[in-house]
Amino acid sequence: MRKLPASAPPGGRASDWTQAHFRAFAAAKPTAGAFAVCLAVLLSGCTGDAKDVPTGSITGTGTSTGNGIGTGRPGNATPPEVVARLDLQLDIPWAAVFLPNGTAVVSERDSALLKAVRDGRATTIGQVPGVAPGGEGGLLGLALSPGFPSDNYLYLYFTSAQDNRIARLQLTEQPDGSLDLGDPEVVFSGIPKASTHNGGRIRFGPDGFLYVGTGDSQRREQPQDRNALGGKILRLTPEGDPAPGNPFGNAVYSLGHRNVQGLAWDSAGRLWSSEFGPDVNDELNLIEPGANYGWPAVTGAPHREEYRDAKVVWPSTADSSPSGLEIAGSTAYLGGLRGQRLWTVSLSGEEASASVAYFTREYGRIRDVIRTPDGGFWLLTNNKNPDFVLVLAPPG
């Protein structure tokens with residue numbers, strides 16, 4: 001397959017996931033509206049407006065300390081413990097990954113910078129060429145190659161002048177411990193872009209393939225079109241080809257999504273995703289290959305045979321706008337943008353409890369939740385100007 005430079009036009013391909021074991025993480029010391037609607041949408045992570053509300057959506061029933069509605073019992077996760085706040089002077093951080101040596105690599109959406117965080121300090125690795133920030137677009141998701149110790153590949157999802165695309169580049173550690181940024185190689189392109197609904201989360205799954213969450217890019221015909229890339233979860237090889245066994249013989253793994261923001265696997269290898277609704281019905285979904293999650297016809301859990309119901313529904317997007325997602329043990333952890341809180345959801349097999357909220361409006365918008373090498377979590381805040389990292393202790 002012909003490889004493309006980072007600035008090449010659409011038509012390329014994508015990558016793969018990792019279950020690598022990371023070395024111990026040295027925790028840093030703590031330091032003491034679209035105008036009217038669209039502006040609010042941009043600041044909220046784009047949850048849409050009332051005109052987007054489809055028919056057939058419901059809120060379900062259940063109880064919790066928050067407003068999320070699950071299909072099972074209320075959640076009972078252990079309250080998370082804050083152990084540090086890292087004031088790293090970040091500018092809209094979007095994603096982070098940990099290298100085997102414990103260094104974190106963070107993407108900044110609007111600056112297109114990759115930053116390294118080690119021992120409580122952030123340094124700039126370099127700026128990714130070909131990124132065209134705008135609205136919700138820019139330098140977004142990150143994923144480490146499963147073979148990173150030998151190939152040094154970091155995968156990136158970013159918005160270019162033409163589209164959203166995935167590239168990989170090599171991160172090479174220098175004798176002084178700094179990281180050198182290689183030239184990006186585009187492996188997948190042609191994902192539609194817009195000022196909002198760009199998706200952007202990428203992650204390697206237990207099967208070694210790269211999973212990609214995309215948005216509908218304000219093109220409502222895309223999510224139900226099996227041959228379109230918008231409003232989907234894609235599954236790709238590390239070289240950017242459709243993964244073997246995909247349900248439709250192309251890159252599409254599941255369809256009917258509005259704007260996928262989080263991807264994570266439970267201990268049994270089941271894939272879950274977080275997704276923005278319009279003004280109603282943010283979702284936590286259990287993802288099945290070939291399943292249709294209903295957008296734009298429905299949201300939430302309408303109990304219609306042709307669509308897959310969400311496992312947890314937040315009736316008001318003002319309470320959630322779930323972004324980054326991690327799963328530890330039997331608990332899912334989701335960052336809330338408009339909701340400005342951390343949500344936890346207890347999982348039991350294929351079912352999920354009602355959600356429980358922590359840190360409500362204490363730390364601002366939470367863009368991503370990242371598992372640290374010691375089993376704890378990083379929470380990336382957004383739009384605090386500058387943004388910081390909240391470090392949580394391992395659960396339990």
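Once phi is turned into θ = phi - 60°, what whole-Hz ³J(HN,Hα) does the Karplus curve with 6.51, -1.76 and 1.60 give for every residue of the stretch 242-250, x standing for Gly and Pro?
Values, residue by residue: x, 5, x, x, 4, x, 10, x, 10 Hz.
Within the stretch 325-396, what whole-number % of the accessible surface is contributed by carbon and sulfur, with the 1.4 Å probe and all protein chains included in the calculation?
Details: 810 of 2040 Å².
Exposed carbon and sulfur together represent 40 percent of the surface.
At R0 = 45 Å, how high is the FRET efficiency between residue 180 and residue 351 if r is their beta carbon distance? Nearest 0.05 is fine. Provide the component values of the computation, followed by the final result.
Working: r = 46 Å, r/R0 = 1.03.
With R0 = 45 Å, the Cβ-Cβ based efficiency is 0.45.
Take the Cα atoms of the stretch 176-235, find their three principal axes, and give me the spread along each one in whole Å, biggest first.
Computed over the stretch 176-235, the largest-to-smallest principal extents equal 51, 30, 16 Å.
Based on the mean of other beta carbon atoms within 10 Å per residue, what is the order of 387-394, 304-311, most packed first?
387-394, 304-311
Cα convex hull of the stretch 293-396: how many Å³ per residue?
Values: hull volume 11.8 nm³, N = 104.
Output value, Cα hull per residue: 113 Å³.
I'd like the chymotrypsin sites (Phe, Trp or Tyr not before Pro) in the stretch 243-276 restricted to DSSP loop residues with at most 16 other Cβ atoms within 10 Å, sorted by number.
248
Residues with beta-carbon under 14 Å from that of residue 335, excluding residue 335: net charge, scoring Lys, Arg +1 and Asp, Glu -1?
+1
What whole-number value in cubic angstrom gives the convex hull volume per residue for the C-alpha atoms of the stretch 182-325?
It comes to 122 Å³ per residue, whole-number rounded.
Where does the charge balance sit around residue 198 when Lys and Arg score +1, Asp and Glu -1, over other residues with C-beta under 14 Å from its C-beta?
Net charge around residue 198: +3.
Could you state the number of Å between the C-alpha centres of the stretch 344-358 and the stretch 271-303?
The two parts, judged by their Cα centres, are 16 Å apart.
Rounded to whole Å and ordered largest first, report the semi-axes of the equivalent ellipsoid of the stretch 89-213 derived from its Cα gyration tensor (root of 5λ).
In descending order the semi-axes read 22, 17, 12 Å.
If every alpha-carbon in the stretch 200-281 counts as one equal scatterer, what log10 I(q)/I(0) does Debye give at q = 0.10, 0.20, 0.26 1/Å?
-0.22, -0.87, -1.31
With 10 Å bins from zero, work out the P(r) of the stretch 107-151 over every alpha carbon pair and list the percent per bin.
P(r) over the stretch 107-151, rounded to whole percents: 25, 42, 31, 3.
Taking amide H positions as placed 1.01 Å from N in the peptide plane, with prolines and chain starts having none, which residues 5 or more places from residue 368, or on another chain, fall under 5 Å of its amide H?
324, 380
The values are calculated or read from the model by the stated rules, or taken from the named source; none is laboratory data. Computed from a predicted structure; not experimentally measured. Neighbour counts run over all protein chains shown; Cβ positions are idealised from the backbone, glycine included. These area figures cover heavy atoms from the full protein model, side chains too; ligands, DNA and RNA do not enter into them. Shrake-Rupley method; radii C 1.70, N 1.55, O 1.52, S 1.80 Å.
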